[in-house]
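Colleague: I'd like to ask some things about the structure below.
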Amino acid sequence: MATRKKQLSFEEKMNQLEDIVINLEKGTAPLDESMQLFEEGMKLSAEIQKMLETAEQKVTLLTKQSDGTISEQDFEQEDV
C-alpha cells in the first residue's frame, strides 16, 4: 500500500522555513548539510509563495446590490 505524504499547512511550512533560516544563520552545519537546508528552504519558499498567490486569487468581496443580487468584486488591498 502506497503511503500518502501529508500536505503541510501554510503555518507548518512557515515554521519549517523559519527553523531552516535559524540553522543556516548559526553557521555551524557542514557545507553539504547547509546546501541541503538551503535547497529545502528555497523549495518551501516557492510553495509558500504559491499558496499566498492562490489565497489572494480566492479573496473576493461579495456585495449585495439594491436589486438583491450578489456581485463579486476583486479584493483590493489597502496600503498600510
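Coordinate-derived values only; no laboratory data. Since this is a predicted model, take the numbers as computed values, not measurements. Virtual Cβ from ideal backbone geometry, glycine too; neighbours counted across all protein chains shown.
Colleague: Which of the peptides 23-33, 39-49 is most tightly packed, and how do the rest follow, going by the mean number of other Cβ atoms within 10 Å of each residue? Walk me through the numbers before you get to the answer.
Modeller: Details: 23-33: 10.1, 39-49: 13.9.
Order by mean packing, descending: 39-49, 23-33.
Colleague: If each of residue 50 and residue 7 carries a label point 7 Å out from its Cα toward its Cβ, how far apart are those two points in nm?
Modeller: 1.1 nm
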